[in-house]
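Enquirer: Below are the structure tokens for one structure; questions will follow.
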Amino acid sequence: MDKLKTIVFLVLVGIFIYLRLGPILNQTVPYTYDQGRDFLKAQEMIKDKHLTFIGPTTGIQGVFHGAWWYYFLAPLYLIFNGWPQGYYLGLFFINLIVNLWFFRFLKRDYGFLTAIFFLGLVSVSEFFINTSFYASNNTLAPLFVLTLIFALYQYFDKKNPYYAFMIGLSLGFILETELAFGLFLIPAFVIVYLLFKKLKDFPYFLIGLIVPSIPRLLFEAKNNFLQTRSLITQLTSAKETHPLQFSAAVVERTRSFWQYWTGIFYHQELFISVAFLVFLVIAIFFIKKSSTTKKTLFAFLAILLVIVYAFSILYKNNFFWSYYLDGIQYIFLFLLVSGFHFLEKNKKTTWLPVGCLIIVIGINLFVFFKNATNKNKVPLLGLRADNQIINYLVDASKHQYFCLNIYTPPVIPYTYMYLLSYYADQGKIIYPKEDFVNNQCYFLIDQDEYQFRVDQWREKNIPAEAEKEKTIKFQNGSVIELWTKK
């Protein structure tokens, strides 16, 4: 039996790794304005030894995410010597480590079958796959949700104030890695915290909550509380963009929360999502026979979700992106995993969770063989597309000074700027100038659905006396044009 358990575990870990490493090695991972900007910031921190107390911008003017995302990227720049794929590999490894650590916790306190059920769902879920290599600050928040759940369990079980500190620390890092999630989650959490009358260790909780915000507090002290004032202004006097009626907000947020639930399953399959929701409802009726710690944690997280949902409805602005609450999927998943445990420990209902586990393992094998036998050509998108374009310039410039002007829809071409900087550091290219060199200049133009913006940029940047020598078109719609002044 132990040998079979080991085989199942290794198979699921192998599938977990395979489905995440493939896009990284094929370079089909997302590579946009945000990634280019953040990678350049990591480069600046290492090369120029420039520390920062704030992170990427949020949707609120004057308010930023925490600096910890940059402090996560900076060591990866150092380890991988700026290699673009290194950031994605670093994110993948930290996801693997944290998920395996949580698997170990579940195996110890909930049992092997429950832990395998967790791993089986995580390994093939598109949401959890994407968070393993989508290089953005909000993808760290889900990992801190796992540390939060672990700390809550330990605190309810051992009543050790250290875990109250760890709870606050986890929430603080959630706030700093995805500000919107933290603003919804922390007030809701404090309300549930008070409902459960865990006030004794509140000072430890508060200290943990403050520690991750120290860089932000230092920035605020230095800049006359810029972010605090901006946030208060936004919440008290800023007009909402297309404000929703209460009924419309209920419908939209309910749809969002349903998507969070379906996001934990392969391909967000409707039938599987509904079936496992029914499974969870059935499991609630068998919660009584579980330990006090597990019952308390289940109730705590379930009430927390209800309050976060209520807060989301009060936010009437229709500008509500799904990633605002990235990480809440792990709470949904843990409730389902707990339900699995309740049924699995009841002798009369063991057949139901075991059957579900067999289905989950079957889905894993299906997804693995589907991907392994896929003979389609690797698509030209994400990092792969931008790398191909820059590699053309590496070959065309022949390590000579050259001119390059770039148009991308976000205006600032951070993506290309980082790749050019990386290849320049590697000695493969000389970083280009924007002025014509030897009366010639390359113009790199990304595809834009609003052609008038491209036309305006051309008129502003391409001299009237210049003539186009040649055009190179790429599969993703981008073009490189070589223009010569006569």
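The values are calculated or read from the model by the stated rules, or taken from the named source; none is laboratory data. Just so it is clear, the structure is predicted and the values come from calculations on it, not from any experiment. All Cβ positions, even for glycine, are placed from backbone atoms using ideal geometry, and neighbour counts span all protein chains on display. Only protein heavy atoms, including side chains, enter the accessible area calculation; ligands, DNA and RNA are left aside. Shrake-Rupley method; radii C 1.70, N 1.55, O 1.52, S 1.80 Å.
Enquirer: Picking from Gly120, Thr6, Leu148, whose Cα lies most toward the positive end of the charge dipole for the range 1-155 (charges on Cβ: Lys, Arg +1; Asp, Glu -1)?
Expert: Thr6
Enquirer: Further, regarding this structure: Within the set of other residues whose C-beta is less than 15 Å from the C-beta of Gln388, count the net charge using Lys and Arg as +1 and Asp and Glu as -1.
Expert: Values: positive: Lys377, Arg384, Lys428, Lys473; negative: Asp386, Asp395, Asp446.
So the surrounding residues net to +1.
Enquirer: Stick to Cα atoms and the Kirkwood definition of Rh, then tell me Rg/Rh for the range 241-289.
Expert: Numbers: Rg = 14.7 Å, Rh = 12.7 Å.
In the range 241-289, Rg relative to Rh is 1.16.
Enquirer: Then there's this: Taking loop as defined by DSSP and a crowding limit of 16 other beta carbons within 10 Å, which trypsin sites (Lys or Arg not before Pro) in the range 252-327 fit?
Expert: Lys316
Enquirer: Got a sec? What order do Val479, Val11 fall in by accessible area at 1.4 Å, biggest, i.e. largest, first?
Expert: Ranked list, largest accessible area first: Val11, Val479.
Enquirer: So for the range 383-486, averaging the separation of alpha carbon pairs under 8 Å that are six or more residues apart and normalising by length, what relative contact order in percent results?
Expert: Details: 142 pairs, mean separation 29.3, N = 104.
Answer for the range 383-486 is 28 percent.
Enquirer: State to the nearest 20 debye the size of the charge dipole of the chain about its Cα centre, where the only charges are +1 on K and R beta carbons and -1 on D and E beta carbons.
Expert: My answer is approximately 1720 debye.
Enquirer: Could you tell me the extents of the range 83-128's C-alpha atoms along the three principal axes, largest first, rounded to whole Å?
Expert: Computed over the range 83-128, the largest-to-smallest principal extents equal 40, 20, 10 Å.
Enquirer: Could you work out how much longer the chain between Val479 and Leu226 gets when fully extended? Use 0.36 nm per residue separation minus the Cα distance between them, nm to one decimal. Walk me through the numbers on the way to the answer.
Expert: Values: separation 253, 0.36 × 253 = 91.08 nm, distance 4.15 nm.
Full extension of this stretch gives 86.9 nm more.
Enquirer: Continuing with this model, one more query. For the range 149-215, count the residues as N, evaluate 2.2 N^0.38 Å, and divide the Cα radius of gyration by that value, please.
Expert: The reported ratio for this selection is 1.03.
Enquirer: Give me the percent of accessible area attributable to carbon and sulfur for the chain, probe 1.4 angstrom.
Expert: C and S atoms contribute 62 percent here.
Enquirer: May I pose another question? Could you point to the residue in Tyr163, Gln245, Ile328 farthest towards the positive end of the chain's charge dipole, with +1 and -1 charges on the Cβ of Lys/Arg and Asp/Glu respectively?
Expert: Going by the Cα projections, it comes out as Tyr163.
Enquirer: Then there's this: Determine the relative contact order of the range 1-156: mean sequence separation of Cα pairs under 8 Å and six or more apart, normalised by residue count, in whole percent.
Expert: Values: 133 pairs, mean separation 43.0, N = 156.
Relative contact order of the range 1-156: 28 percent.
Enquirer: OK, next. Quick one: length gained pulling Leu4 to Gln61 fully straight, 0.36 nm per residue minus the C-alpha distance?
Expert: That works out to 15.0 nm of additional length.
Enquirer: If you don't mind, there's one more thing I want to ask. Suppose the Debye formula is applied to equal point scatterers at every Cα of the range 313-377; what is log10 I(q)/I(0) at q = 0.14, 0.20 Å⁻¹?
Expert: Each listed q corresponds, in turn, to -0.73, -0.88.
Enquirer: Straight-line reach from Lys49: which aspartates and glutamates have a Cα under 18 Å away, not including same-chain ones fewer than 8 places off?
Expert: Asp38, Asp425
Enquirer: Still on this structure, I have one more. Run the 1.4 Å probe and let me know the accessible area of Ser136, rounded to the nearest 10 Å².
Expert: 10
Enquirer: Please report, for the Cα atoms of the range 361-486, the Rg to one decimal and the Dmax as a whole number; what are they, in angstrom?
Expert: When restricted to the Cα atoms of the range 361-486, Rg and Dmax are 18.2, 67 Å.
Enquirer: Using all Cα-Cα distances in the range 239-374, what percent lands in each 5 angstrom bin from 0 up to the longest?
Expert: Reading the bins upward from 0: 2, 9, 16, 18, 17, 14, 10, 7, 5, 2, 0, 0.
Enquirer: Still on this model: Please give the charge dipole size of the range 1-96, origin at the Cα centre, charges +1 on K and R Cβ atoms and -1 on D and E Cβ atoms. Round to the nearest 20 debye.
Expert: Approximately 180 debye in magnitude.
Enquirer: Over 16 Å apart: what share of the alpha carbon pairs of the range 429-477 falls there, rounded to a whole percent?
Expert: When all Cα pairs of the range 429-477 are counted, 52 percent exceed 16 Å.
Enquirer: Under the definition of Cα pairs under 8 Å and six or more residues apart, what whole-number percent is the relative contact order of the chain? Working shown, then result.
Expert: Values: 648 pairs, mean separation 89.0, N = 486.
Answer for the chain is 18 percent.
Enquirer: Tell me the mean residue ellipticity at 222 nm calculated for the chain from its helices only (DSSP H runs of n ≥ 4, each -39500 (n - 2.57), averaged over every residue, nearest 500).
Expert: Computed ellipticity for the chain at 222 nm equals -21000 deg cm²/dmol.
Enquirer: While we're here: Excluding the sites themselves, what is the longest stretch of the chain that contains no GluC sites (Glu not before Pro) in a DSSP loop with at most 15 other C-beta atoms within 10 Å?
Expert: Maximal segment without exposed cleavage sites: 1-239.
Enquirer: Next question, about the same structure. Which one, Trp101, Ile445, Asn371, is farthest towards the positive end of the dipole of the chain when Lys and Arg carry +1 and Asp and Glu -1 on their Cβ?
Expert: It is Trp101.
Enquirer: Also, I was wondering about something else. Which pairs, out of Lys295/Lys345; Lys158/Lys294; Lys5/Lys107; Lys107/Lys348; Lys295/Lys348; Lys428/Lys485, put more than 18 Å between their alpha-carbon atoms?
Expert: Beyond 18 Å: Lys107/Lys348; Lys295/Lys348; Lys428/Lys485.
Enquirer: Okay, moving on. Tell me the label-point distance for the pair Ala372, Tyr33, using the 7 Å Cα-to-Cβ offset, in nm and rounded to one decimal.
Expert: If labels sit at Ala372 and Tyr33, their model points lie 4.2 nm apart.
Enquirer: Kindly work out what percent of the DSSP beta bridges joining two residues of the chain are antiparallel, to the nearest 5.
Expert: 75
Enquirer: Using only the alpha carbons of the range 294-334, determine the length spanned along each of the three principal axes and report them from longest to shortest in whole angstroms.
Expert: Computed over the Cα atoms, the extents are 37, 18, 8 Å.
Enquirer: Another one. Using the Kirkwood radius over Cα pairs, work out the Stokes-Einstein diffusion coefficient for the range 39-189 at 10 °C and 1.306 mPa s, in µm²/s as a whole number. The partial results should precede the final answer.
Expert: Values: Rh = 16.7 Å.
Value of D from the Cα-based Kirkwood radius: 95 µm²/s.
Enquirer: Remind me, what semi-axes does the range 394-434 give for its equivalent ellipsoid, largest first in whole Å, using sqrt of 5 times each Cα gyration tensor eigenvalue?
Expert: Details: eigenvalues 70, 27, 10 Å².
Semi-axes from the Cα gyration tensor: 19, 12, 7 Å.
Enquirer: Probe of 1.4 angstrom, ligands and nucleic acids ignored: what's the accessible area per residue over the chain, in square angstrom?
Expert: Result: 48 Å² per residue.
Enquirer: Taking the alpha-carbon distance from Lys316 and a cut-off under 18 Å, which lysines remain once sequence neighbours fewer than 8 residues away in the same chain are dropped?
Expert: Lys239
Enquirer: How large is Rg/Rh for the range 216-317, to two decimals, with Cα atoms and a Kirkwood Rh?
Expert: 1.13
Enquirer: Enter the mean projected area of the convex hull around the alpha-carbon atoms of the range 89-176, in nm², rounded to one decimal.
Expert: Across all orientations, the range 89-176 yields a mean hull projection of 5.7 nm².
Enquirer: At 1.567 mPa s and 4 °C, plugging the Kirkwood radius over alpha-carbon pairs of the range 1-94 into Stokes-Einstein gives what diffusion coefficient in µm²/s?
Expert: My calculation gives 85 µm²/s for D.
Enquirer: Related question: Taking N as the number of residues in the chain, what value does Rg over Cα atoms divided by 2.2 N^0.38 Å take?
Expert: The chain yields a ratio of 1.09.
Enquirer: Which Cys residues of the chain have no other Cys Cβ less than 4.7 Å away and so no disulfide-compatible partner by this rule?
Expert: Cys356
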